Amino acid sequence: MDARQERTHADAKKWNSQIGKIYYQICPDDSRYFRTIRIAHNAWTGANQPQISNPVYGEPPEELDPIPPLMLTRLMRMQNMSAFH
């Protein structure tokens, strides 16, 4: 077992402050709706992944930040590139 497999979720969260953070994105097809996006750590692939909600009608809560488009693109791309070993 290598060191990557011995890491726990708590270790990953300590090393990456984005894990568990929730952002929002205004839906591109209807600006009256938004989605929330939670950054989660996938222990099986060792990568972060977005957990995207269904569209919600209304304004995003003030305590949430908008997700930078590049961050979302990278998270979505990492999902496709991660493979089980």
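Each reported figure results from applying straightforward, stated rules to the coordinates on display, with no laboratory input. Worth saying up front: this structure is predicted, and the values here are computed from it rather than measured. Cβ: placed from backbone, ideal geometry, glycine included. Neighbour counts: every protein chain shown.
Annotations
- Remark: spin-label model distance R38-Q18 equals 1.7 nm, labels positioned 7 Å along the Cα→Cβ axis.
- Length available on full extension from E59 to R77: 0.36 nm per residue minus the Cα-Cα distance, which gives 3.7 nm.
- At full extension, Q51 and I26 could sit 7.5 nm farther apart than now, given 0.36 nm per residue minus the alpha carbon distance.
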